[in-house]
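**Student:** If you scroll down you'll find the structure; I have some questions about it.
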Amino acid sequence: MKAVKILRVLLSLAILIVVALLIVCDRTEWLHRSLLTINLAWFSLGALVVWLVITLLLGRVYCSTACPLGTLQDVAAWIAKRVKSGGNGKYRFEWGNWRLRVIVVLLIGVSLTARDPFIGLLSDPLTVTERVLQWLVQPAVMTLLGMLASAVVVLAVMGLAWSKGRTFCNTVCPVGTALGAVSQISLLQMEIDPDLCMNCGRCEMECKALCIDAKAHTVDSSRCVLCFNCGAVCPAGAIKYHADRKRLSTPLLQRTPSLGVQAHAES
Ligand code: SF4
Ligand code: SF4
Ligand code: SF4
């Protein structure tokens, strides 16, 4: 799975670099207009349906590779990991909070309905990306108010990534909430094979989505952003990305992060 992870990282960096270059080279309003157009296209019904179908089949590929804001957060988390613990992940599993995610989406909906796009713009991944990159590479072209607003966004999103990986993606981002709802039932998912697992806990410590409960051998696929970190560090090859769900050999009670306690029986 290391090769898949490397490919994913290279692809996501390439997309981020293209977006950053566009911003550096842009001396006019062209970029702003283009991003607005891309935004509209990205969130148009057709694009949404395409991404939902991809997510239904493969999981959150958009969040792992295509979204530049996801990559920016990964860069912040990568630096934090090296500064804080010499390159070893120190993440710990946390329960997902669907209630909070739905409340944020409702707030955005109310804000947009009231024709006040403020909250919507602060949580829209492409707009936030534009703000972060412009603040980082071209602060001179920004107004003072724009710089201050962007500084707040940069500190909030990157600070969260620095301390808790992809928490923004799994709490605030409305796109992440929509894709997360679909990825719960996606065809391909990350899964731990309890028969192979040596209970070392390394996958949980490397999971920046905080969605692996290594003790319970569960992965919350609604929050998994398909970074493949877990599979790359697993010494037993116990984590697989596949459609062929492993069935436990005896009926038992097993916790699943998104559903609480659920009975699993031999199918
Ligand atoms: S959850 Fe949102 S910000 Fe995070 S990678 Fe997905 S689309 Fe981008
Ligand atoms: S890294 Fe592999 S062996 Fe270790 S706890 Fe995770 S699944 Fe089990
Ligand atoms: S479960 Fe694995 S692939 Fe998914 S976010 Fe966590 S580390 Fe990445």
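**Student:** For segment 178-189: of the residues being modelled with pLDDT of 90 or more and open to solvent by 10 Å² or more (accessible area, probe 1.4 Å), which is nearest to ligand 2 (Cβ to nearest atom)?
**Tutor:** Top of the filtered list is Q189.
**Student:** A further question follows. Specify the residue that is farthest from L52 (Cα to Cα); the eligible residues are those in segment 161-220 that are of a type in the set (D, E) and more than 16 Å from ligand 1 (Cβ to nearest atom).
**Tutor:** Result: D195.
**Student:** Is it the case that some residue within segment 220-236 is open to solvent by 20 Å² or more (accessible area, probe 1.4 Å), over 24 Å from the mean Cα position of the chain (by Cα), more than 21 Å from T65 (Cα to Cα) and at pLDDT 70 or above?
**Tutor:** yes
**Student:** Here is a further query. Take the residues in segment 85-101 that are in a helix (DSSP H, G or I) and either touching a Ser or Thr at 6+ places or on another chain (Cβ under 9 Å) or small (G, A, S) (or both), then tell me which one is modelled with the lowest pLDDT.
**Tutor:** Residue satisfying both the conditions and the ranking: S85.
**Student:** If only one of M205, M198 is within 8 Å of ligand 2 (Cβ to nearest atom) and open to solvent by 10 Å² or more (accessible area, probe 1.4 Å), which one is it?
**Tutor:** It is M198.
**Student:** Within the bounds of segment 159-167, is there any residue that is at pLDDT 85 or above, open to solvent by 10 Å² or more (accessible area, probe 1.4 Å) and not in a helix (DSSP H, G or I)?
**Tutor:** So far as segment 159-167 goes, yes, one or more of its residues are at pLDDT 85 or above, open to solvent by 10 Å² or more (accessible area, probe 1.4 Å) and not in a helix (DSSP H, G or I).
The values are calculated or read from the model by the stated rules, or taken from the named source; none is laboratory data. This is a predicted model, so every value here is computed, not measured. Because the Cβ atoms are built from the backbone with ideal geometry, glycine has one as well, and the counts that use them run over all protein chains shown. Surface accessibility is based on the protein's heavy atoms, side chains included, excluding ligands, DNA and RNA. Shrake-Rupley method; radii C 1.70, N 1.55, O 1.52, S 1.80 Å.
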